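Below is one structure, written out as structure tokens; the observations come after it.
Computed from the coordinates by the stated procedures, all read-outs in this text should not be read as laboratory data. Only a predicted model underlies this, so the values are computations on that prediction, with no experimental measurement involved. With ideal geometry, Cβ positions are generated from the backbone for all residues, glycine too; neighbour counts draw on all protein chains shown.
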Amino acid sequence: MSKHKTTIRPFDAANYLKSEVEIAAYLDTVLEDDDPALLAAALGDIARARGMSSLAQATGLSRESLYKSLSGERIPSTETLFKVIHALGFKLSVSAREVASDQYSTPTKQFT
């Protein structure tokens, strides 16, 4: 009986983000969760897929700082998130969600 050694590595999304379409779909999906730590981790995955050194240069932040900020273990500052998003070539846009029609309705005055 021969013994084969199996090597197991942790999953890393960065290894699967090959095209801009895949990256955009990944980011869209992450944004649906409304979790800033998850957004930071996803931006970290994208940065590793594209090259953390070039992102560091484009943002003016150190590689070490980016790795920490985009680890998903903490929520980076809004300033850092915007620098990273813009340096990666993304733009943010806002669209309305479907909400109950009365959720944000303005109370009407009743006259007696």
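Extension gain for Y67-R9 works out to 18.9 nm (0.36 nm per residue, less the C-alpha to C-alpha distance).
Taken over the stretch 1-98, lysine pairs spaced eight or more positions apart, or on distinct chains, with alpha carbons under 25 Å apart number 6. The helix-only estimate of mean residue ellipticity at 222 nm for the chain, built from DSSP H runs of length n ≥ 4 each weighted as -39500 (n - 2.57), is -14000 deg cm²/dmol after division by the residue total. The charge dipole of the stretch 17-87, taken about its Cα centre with unit charges on the Cβ of Lys, Arg, Asp and Glu (plus for the first two, minus for the last two), comes to roughly 460 debye.
Fewest-first ordering of E98, E64, E22 by other beta carbons within 10 Å of each residue's beta carbon gives E98, E64, E22.
Computed from label points 7 Å out along Cα-Cβ, the spacing between A96 and D33 is 2.9 nm.
In terms of Cα atoms, the Rg and Dmax of the chain work out to 20.3, 93 Å.
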